[in-house]
Every structure is written in structure tokens, then in C-alpha cells.
Amino acid sequence: MKAFIYFSSGNRHPDLEVILSYAQTLADEGYEITFMIADDRRNTCLYNIFGSKLLQRLSQKRIELGLKLFQSPYRLVSNTQVEYTYKDYEFNSVEELKALKYKEADVGYAALSSYISATRQVLIDFNPTIKKILNRLLNTGIQNYLAFEQICQKDKFDRAIIYNGRFNDSRPILRLCQTYKIDTDVIDYSCVNSCVFQVKNVLIQDIKSNIEATNEAYKAMHPDQVQQIASDFFYKRRHGIATNEASYTLKQKHQSLPEGWDSHTKNIVIFSSSEDELCAIAPEWEKGLFSSQIKGLVYLSEKAKQETKFKFYVRIHPNMSTGQKAYLEAVYKLEHSNFIIIKPDSAVSSYTLMDQAWQVISFGSTMGIEATFWGKTSILIGMGLHVHFDCCYIPKTYDELHTLMHSDLQPKPKVNAYKIVIRLLKVPQPLKYFHMNTKRKASFNDKRIKLPLGWKIMQECARGIKKNKLKLLTLS
């Protein structure tokens with residue numbers, strides 16, 4: 001039996017530790033392991049969109065150190081085994097970029113996903129500098145596709161392992177695995193202790209696979225256990241205690257409301273998400289009432305000008321405090337007397353807003369699900385993994401949204417909000433050889449993959465250079 005594993009996206013912590021741990025379990029099962037690296041000097045990825053030679057060397061050094069801990073024979077191949085000439089592709093909009101494909105691979109989506117995740121730029125002007133970056137991301141994906149295609153012509157693999165699968169360097173390989181019908185485990189760290197998400201043959205964000213896994217885990221649990229786990233999760237979220245991720249409300253002032261809040265008015269609170277985290281996943285993630293959050297906010301701002309029965313408050317997600325300035329400025333311009341924008345760094349309490357709201361509207365934020373748990377009417381107008389759990393009202397048309405906003409709705413049953421918690425906390429599974437300690441430091445085979453001091457200094461320098469380039473990019 002043969003297994004193919006791709007070292008992807010800069011091999012950052014804890015990605016590399018997860019990949020190696022999974023590979024070790026397969027080696028224990030008797031698989032012959034082939035690892036592939038992308039080490040062409042022209043290659044770029046999520047963590048190295050500018051093609052820094054130093055960042056590339058750091059990535060290769062971490063792989064080298066990690067493989068020293070690998071306790072089975074393996075073969076290491078490179079994407080440089082194919083002769084590939086980089087090409088400049090022409091595109092002038094997000095839609096044109098998304099439409100770009102190489103054979104079966106949606107390389108445009110993949111490149112855009114890496115770019116937005118790295119830069120947090122949602123609004124892209126496609127100037128020459130940005131198009132050059134995007135073209136390098138595109139070409140890296142295509143080169144990886146061709147390299148893996150060549151490898152598959154010589155070797156028949158029974159399994160493949162890909163980390164996340166969403167980004168420019170790994171998604172093309174996943175698409176080729178799908179074409180060749182190679183049984184592919186797509187894995188990702190879950191941010192829960194030492195557990196990982198795993199799906200078969202699709203992106204880790206695939207909605208159908210996540211729903212199936214959630215339902216399976218839910219059915220295997222006693223209702224009392226489900227209730228206890230969900231209640232504990234929502235209580236911790238409300239009180240700023242870390243759950244599957246750090247709390248975003250710690251800096252907010254308890255019981256604080258926006259200036260001018262009138263409790264006698266029907267106030268609709270809109271909870272935004274970090275839009276850059278939801279962009280360029282796949283077309284299925286754009287099938288909500290609004291294909292993007294900014295489009296939804298524009299629509300609601302215009303609608304609010306015509307409303308006399310209630311007032312809108314938009315709570316911008318706290319994580320957007322470091323988001324794209326142009327995007328935030330575009331959102332701030334939507335404000336008017338009946339459509340109040342609460343900035344991401346505002347001390348206004350998200351939970352007090354939720355408690356005092358007549359209705360809650362969300363684009364996919366967990367606040368939409370939390371609202372249901374705490375007995376509030378919640379309307380979902382974007383897309384999220386909870387779309388099929390019946391924990392929010394989901395309008396399919398603008399008219400349906402209008403009707404819902406003007407109706408005195410009963411909240412959905414709080415039990416319907418439990419499944420998303422099961423997905424976040426119980427669907428992830430422990431991975432042998434992988435451990436995440438209480439200080440969020442990962443280990444493989446009970447050992448940390450530590451860079452020597454000189455390399456750590458180079459790493460800090462490389463990160464500083466990258467940070468400065470990202471700043472300049474936002475001004476370009």
C-alpha cells in the first residue's frame with residue numbers, strides 16, 4: 001500500500017506536526033510513505049505570498065527537523081521534477097479570477113483564497129503588484145498539479161493526505177486526487193486540545209461532509225450529555241472563556257450599549273463575521289441570501305432608510321479591528337440615523353446587544369447560533385455550517401427577509417443550536433503522535449520541532465520583512 005502526503009502552506013506550527021503525525025499512523029499501518037515538497041524558488045503560498053527565499057528556507061528547515069523525528073522509511077520528492085514555465089494570466093475582477101481553472105483544478109479560487117487569507121484584503125483593485133502576486137500563487141498551484149500528475153503516472157497511490165485543501169498549493173492536488181479517485185484524507189487542526197478535523201475527498205470546509213459528521217456524532221451521544229456540553233460551551237462564550245478559539249469579547253464593557261439606545265424601539269442587531277475568513281472557499285459558500293457580507297450590509301442600509309418600525313445596529317466583528325481599512329471604511333459609509341455601525345474595537349457588549357435586541361441577524365457568525373440558545377429570534381442571511389440545523393430563520397428571497405423582519409417570531413428551539421457545538425467540540429478526533437499542550441505548543445512523537453537559535457533569529461527577521469510588505473501592499 002502506498003500513501004502520498006503533501007507538505008503544504010509554509011509548514012507552519014501546528015500544520016507540520018499534524019501532517020507528520022497522520023503520516024506516522026499510516027506508516028504504522030504498513031503504508032509506504034511518499035512526501036512531496038514545493039521548493040521551486042518561484043513558489044509562493046498562504047504564508048509566503050511574496051516568495052521570500054528566507055521564508056522558503058525556514059519552511060524547508062522545519063520539514064528537515066520534523067522528518068528526523070519520523071520513525072519509518074519514506075521517500076521525499078519535489079515539485080521541481082517537472083519543467084514548468086510560469087505564465088501571466090489575465091484577470092481584472094474577483095469573478096474573472098474565480099473562473100480560472102487548470103484542467104479539473106479551480107486554481108483561481110485557490111489563489112484568491114490564499115491571497116485574501118494572507119492579506120485580509122476583501123476589496124481588491126487588481127493593480128500590477130497584486131496581479132503579480134496572484135499570478136505566482138496561480139502558477140505554484142499549477143506546477144504542483146503537474147508534479148503530482150507526473151508522480152501518479154509512475155506510482156499508484158492507495159491514499160493521499162492533504163492539509164486543509166483550500167489554498168493555492170494544495171487544492172490543485174486535491175482535485176487531481178478526485179480525478180484519479182485516490183482515497184484522500186483532508187485534515188486540519190481543530191483548535192480543540194490535540195484534536196483534528198478529517199473529511200474524505202473534499203475540502204475541509206465542505207458543508208455536506210461536515211453536516212454528516214455532525215449528525216453521526218450527535219446520534220452517538222446521550223441527549224443529557226449533548227445538553228451539558230452545549231450549555232457549557234455557550235456559557236463560556238458569554239463569559240469570555242476560551243472554547244474552540246480565544247474569546248473576542250474580553251475587552252468589551254459588561255452591560256454597555258450604544259449611545260442613544262432606546263429600549264422602547266424594536267432594535268434589530270446585525271452581527272457581522274470576519275468576511276475575509278469566508279471568502280473564496282467554494283461556490284457553495286456563496287449561496288446564502290447574499291453572496292458576500294458587504295452586499296448584504298449595503299442592502300440592509302438602504303432598507304433601513306425606509307423603515308419606521310425599527311432601528312438597525314451593526315456589530316462589526318472584533319477580529320475586524322485588524323482587517324482591511326478600505327473594507328471597514330466602505331462599511332462605515334453605510335451608517336445613517338437608522339443604521340448604526342458599532343466599530344470592531346468598541347467596548348459595547350455584544351451579549352448585552354443580543355439580550356436587548358428584538359431580532360438578531362447574522363451572516364454566519366456563531367452569535368447567530370448563540371442568540372437562539374439564549375432565547376432570541378435569529379435570522380441567517382449568509383452561509384454557515386449550521387445552515388441545515390434549523391437553529392435560525394433562513395430567508396431565500398428579499399421578500400422573505402422583509403416578512404421575517406416585520407413578524408413577531410418565536411425563537412427557534414434552543415436544542416437546535418446544540419449541533420453546531422457538537423461539530424466544533426466533538427466531531428474533531430484525537431490524533432496519535434500529535435499533542436497540543438496548555439501553552440498551545442504542538443509536538444510530534446512527543447517532541448517539539450524547534451528551530452535552532454540562529455534560525456529563530458532569521459525567522460523573526462523574515463516575519464518582520466513580511467509584515468512591512470503587507471503594510472505597503474495595503475497602501476498600493
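Condition check ((1) of a type outside the set (Gly, Ala, Ser); (2) within 23 Å of the chain's Cα centre (by Cα)) across all residues:
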site: Ser52; (1), (2): no, no
site: Ser59; (1), (2): no, yes
site: Val122; (1), (2): yes, yes
site: Leu134; (1), (2): yes, yes
site: Thr140; (1), (2): yes, yes
site: Phe148; (1), (2): yes, no
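Here's the yes/no breakdown for (1) in a helix (DSSP H, G or I); (2) at pLDDT below 95:
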{"residue": "Ala326", "(1), (2)": "yes, yes"}
{"residue": "Ile340", "(1), (2)": "no, no"}
{"residue": "Asp355", "(1), (2)": "yes, no"}
{"residue": "Ile361", "(1), (2)": "no, no"}
{"residue": "Gly364", "(1), (2)": "no, yes"}
{"residue": "Glu370", "(1), (2)": "yes, no"}
{"residue": "Gly375", "(1), (2)": "no, no"}
{"residue": "Ile379", "(1), (2)": "no, no"}
{"residue": "Gly382", "(1), (2)": "no, yes"}
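Filter the range 434-470 for residues that are outside any strand (DSSP E or B), among the basic types (Lys, Arg) and surrounded by fewer than 17 Cβ atoms within 10 Å (Cβ to Cβ) and give the result.
Result: Lys439, Arg440, Lys441, Arg448, Lys450, Lys456, Arg463, Lys467, Lys469.
With the requirement that a residue be of a type in the set (A, V, I, L, M, F, W, C), assigned to a loop (DSSP other than H, G, I, E, B) and either at pLDDT 95 or above or surrounded by 16 or more Cβ atoms within 10 Å (Cβ to Cβ) (or both), what does the range 243-282 give you?
Leu257, Trp261, Cys279, Ala280, Ile281, Ala282
Yes/no matrix, rows are residues, columns are (1) touching a Pro at 6+ places or on another chain (Cβ under 6 Å); (2) part of a strand (DSSP E or B); (3) within 25 Å of Glu95 (Cα to Cα); (4) at pLDDT 95 or above:
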site: Asp125; (1), (2), (3), (4): no, no, yes, no
site: Ile133; (1), (2), (3), (4): no, no, yes, yes
site: Ala160; (1), (2), (3), (4): no, yes, no, yes
site: Thr179; (1), (2), (3), (4): no, no, yes, yes
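From the list Leu473, Leu431, pick out the single residue that is more than 30 Å from Ser72 (Cα to Cα), touching a residue at least 24 places away in the same chain (Cβ under 8 Å), hydrophobic (A, V, I, L, M, F, W, C) and surrounded by 12 or more Cβ atoms within 10 Å (Cβ to Cβ).
So the residue among Leu473, Leu431 that is more than 30 Å from Ser72 (Cα to Cα), touching a residue at least 24 places away in the same chain (Cβ under 8 Å), hydrophobic (A, V, I, L, M, F, W, C) and surrounded by 12 or more Cβ atoms within 10 Å (Cβ to Cβ) is Leu473.
Among the residues of the range 244-260, are any touching a residue at least 40 places away in the same chain (Cβ under 8 Å) and under 13 Å from Leu425 (Cα atoms)?
Among the residues of the range 244-260, at least one is touching a residue at least 40 places away in the same chain (Cβ under 8 Å) and under 13 Å from Leu425 (Cα atoms), which makes the answer yes.
Could you list, in sequence order, all residues of the range 27-76 that are part of a loop (DSSP other than H, G, I, E, B), within 20 Å of Asn144 (Cβ to Cβ) and of a type outside the set (Lys, Arg)?
Ala38, Asp39, Asp40, Asn43, Thr44, Leu46, Tyr47, Ile49, Phe50, Gly51, Ser52, listed by residue number.
Would you say Ile173 is farther than 26 Å from Gly288 by Cα, assigned by TED's automatic domain parsing to the domain that holds Lys441 and among the aliphatic types (A, V, I, L, M)?
When the stated conditions are applied, Ile173 passes them.
Restricting attention to the range 148-162, and to residues there that are surrounded by fewer than 16 Cβ atoms within 10 Å (Cβ to Cβ) and not polar (S, T, N, Q), which single residue is farthest from Ile19 (Cα to Cα)?
Looking at residues that are surrounded by fewer than 16 Cβ atoms within 10 Å (Cβ to Cβ) and not polar (S, T, N, Q), I get Lys154.
Checking Leu401 against (1) closer than 25 Å to Tyr248 by Cβ; (2) outside any loop (DSSP other than H, G, I, E, B): exactly one of these is not met. Which one?
With respect to (1) closer than 25 Å to Tyr248 by Cβ; (2) outside any loop (DSSP other than H, G, I, E, B), Leu401 is out only on (1).
Working carefully through the options Ser117, Ser72, Ser93, find the one that is among the polar types (S, T, N, Q), in contact with an Asp or Glu (Cβ under 9 Å, 6 or more places away or on another chain) and surrounded by fewer than 17 Cβ atoms within 10 Å (Cβ to Cβ).
Being among the polar types (S, T, N, Q), in contact with an Asp or Glu (Cβ under 9 Å, 6 or more places away or on another chain) and surrounded by fewer than 17 Cβ atoms within 10 Å (Cβ to Cβ) holds for just one of Ser117, Ser72, Ser93, which is Ser72.
Go over the candidates Val122, Val199 one by one and state the one that is crowded, with 21+ Cβ neighbours inside 10 Å, assigned by TED's automatic domain parsing to the domain that holds Glu17, of a type in the set (Val, Ile, Thr) and farther than 30 Å from Gly30 by Cβ.
Matching residue, one of Val122, Val199: Val122.
For (1) assigned to a helix (DSSP H, G or I); (2) in the same structural domain as Tyr351 (by TED's automatic domain parsing); (3) at pLDDT below 90, each residue gets a yes or a no:
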| residue | (1), (2), (3) |
| --- | --- |
| Glu284 | yes, yes, no |
| Gly288 | no, yes, yes |
| Ser291 | no, yes, yes |
| Ile294 | yes, yes, no |
| Tyr299 | yes, yes, no |
| Glu302 | yes, yes, no |
| Thr308 | no, yes, yes |
| Phe312 | no, yes, no |
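Take the residues of the range 388-410 that are aromatic (Phe, Trp, Tyr) and in contact with a Ser or Thr (Cβ under 9 Å, 6 or more places away or on another chain): which is farthest from Lys376 (Cα to Cα)?
Phe389
What's the number of the only condition in (1) farther than 30 Å from Arg12 by Cα; (2) modelled with pLDDT of 95 or more; (3) more than 21 Å from the chain's Cα centre (by Cα) that Tyr433 fails to meet?
Result: Tyr433 fails condition (1) only.
Would you mention how many residues in the range 21-63 are closer than 15 Å to Asn168 by Cβ and aromatic (Phe, Trp, Tyr)?
2
Criterion first (among the hydrophobic types (A, V, I, L, M, F, W, C), in a helix (DSSP H, G or I) and at pLDDT below 95) does Val427 satisfy it?
Criteria not met by Val427.
Checking Ser194 against (1) under 26 Å from Leu20 (Cα atoms); (2) hydroxyl-bearing (Ser, Thr, Tyr); (3) surrounded by fewer than 17 Cβ atoms within 10 Å (Cβ to Cβ), only one condition comes out false. Which one?
Of everything listed in (1) under 26 Å from Leu20 (Cα atoms); (2) hydroxyl-bearing (Ser, Thr, Tyr); (3) surrounded by fewer than 17 Cβ atoms within 10 Å (Cβ to Cβ), Ser194 misses just condition (3).
The values are calculated or read from the model by the stated rules, or taken from the named source; none is laboratory data. These figures come from a predicted structure and were not determined experimentally. Heads up, the Cβs are rebuilt from the backbone with ideal geometry, glycines too, and the neighbour counts pull from every protein chain shown.
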